1. Is there any pair linking a residue in segment 170-189 that is closer than 20 Å to L150 by Cα to one that is part of a helix (DSSP H, G or I) and open to solvent by 60 Å² or more (accessible area, probe 1.4 Å), with Cβ under 6 Å and at least six apart or on different chains, and which?
2. Scan segment 16-61 for residues that are of a type in the set (S, T, Y), open to solvent by less than 50 Å² (accessible area, probe 1.4 Å) and modelled with pLDDT of 90 or more and jot them down.
3. State whether one or more residues within segment 60-81 are in a loop (DSSP other than H, G, I, E, B), farther than 18 Å from S146 by Cβ and in contact (Cβ under 8 Å) with a residue 60 or more places away in the chain.
4. Do the conditions hold for S40, that is, is it among the polar types (S, T, N, Q), over 12 Å from L110 (Cβ atoms) and in contact with a Leu (Cβ under 9 Å, 6 or more places away or on another chain)?
5. Go through (1) in a helix (DSSP H, G or I); (2) open to solvent by less than 20 Å² (accessible area, probe 1.4 Å); (3) hydroxyl-bearing (S, T, Y) for S87 and report which single condition fails.
6. May I ask you to say which residue of M80, M142, M121 is out of contact with any Leu (no Cβ under 8 Å at 6 or more places or on another chain) and farther than 27 Å from R12 by Cβ?
Amino acid sequence: MPTLPITLLRDRDTFWDALCAQELGGKDLLSLAAFVVLASGLYGAVLAGWRSPLLSLYVAIKLPVLFLGTTAIVSFFNWMAASILGSGLSFRSTVFVVLGSLTIGCWILLGLIPVALFFLMSGVSYSGTQDELRYAHNSILMTHISILALAGVAGNVALLNGLRRTVNPRCPVHALFAFWLTAFAFVGCQMSWILRPFVGSPFYPVAIIRPDCLDRNFYEFVFTEVLPFLVTGGI
């Protein structure tokens with residue numbers, strides 16, 4: 001197990017001290033990335049486990065791609081926002097902060113794997129009418145969206161105090177944090193839509209990526225199809 005991810009779990013002050021002293025290098029960055037791949041891959045295997053073993057394998061590969069791809073994109077925009085707000089953070093420090101928050105989120109995902117497994121084993125129907133299957137799919141989808149959102153927000157909040165220690169005193173930390181959190185949520189949700197399926201619909205064949213991956217968007221799907229169906233109970 002990489003040393004830096006364990007440090008982030010047990011003693012985050014050490015991480016922030018090393019970041020401020022510019023003691024973190026390429027090996028440390030790789031150790032964080034490797035942990036994110038391992039943890040998100042394990043959760044991804046559970047995420048699609050209800051649908052098929054093949055999709056479970058696909059998602060175990062795609063979820064790390066989603067996490068690291070989102071990190072790569074938002075790190076650039078986060079660094080620009082940090083520069084505009086006068087944080088004093090270098091691009092390298094920004095990448096470490098983003099990847100560090102993602103690492104904390106992945107520790108939370110690891111802890112919630114038994115919860116997700118219990119939910120799938122006890123509450124998911126593998127057969128039934130079309131409406132029953134759709135309700136089961138939408139319930140699983142919203143459960144995992146909630147878990148991933150919880151892990152993401154908690155990972156960022158856990159590092160907020162350290163961010164206060166790192167940026168210049170005149171930098172509006174809460175405004176910077178709000179931008180970072182919003183950027184990660186927006187980019188992550190839309191990338192998840194492009195890389196779908198993750199949960200796997202019972203009405204579509206198993207595929208690594210849907211042929212209509214660039215049609216519509218994540219928010220339109222959730223607020224016009226998933227949530228209304230759950231609210232009405234399939235009626």
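The values are calculated or read from the model by the stated rules, or taken from the named source; none is laboratory data. Treat the numbers as computed from the prediction; the structure is a model and nothing was measured. With ideal geometry, Cβ positions are generated from the backbone for all residues, glycine too; neighbour counts draw on all protein chains shown. Remember, those area values only see protein heavy atoms, side chains included, never the ligands or the DNA or RNA. Shrake-Rupley method; radii C 1.70, N 1.55, O 1.52, S 1.80 Å.
1. Hits for this filter: A183/F77; V187/I73.
2. Result: S31, S40, Y43.
3. Checked against the condition, which is being in a loop (DSSP other than H, G, I, E, B), farther than 18 Å from S146 by Cβ and in contact (Cβ under 8 Å) with a residue 60 or more places away in the chain, segment 60-81 yields no hits at all.
4. Considered against the rule, which asks whether it is among the polar types (S, T, N, Q), over 12 Å from L110 (Cβ atoms) and in contact with a Leu (Cβ under 9 Å, 6 or more places away or on another chain), S40 comes out as no.
5. Going through (1) in a helix (DSSP H, G or I); (2) open to solvent by less than 20 Å² (accessible area, probe 1.4 Å); (3) hydroxyl-bearing (S, T, Y) one by one, S87 breaks only (1).
6. M121
Results for (1) open to solvent by less than 60 Å² (accessible area, probe 1.4 Å); (2) at pLDDT below 80, shown as yes or no for each residue.
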site	(1), (2)
L120	yes, yes
S125	yes, yes
E132	no, yes
I145	yes, no
N161	no, yes
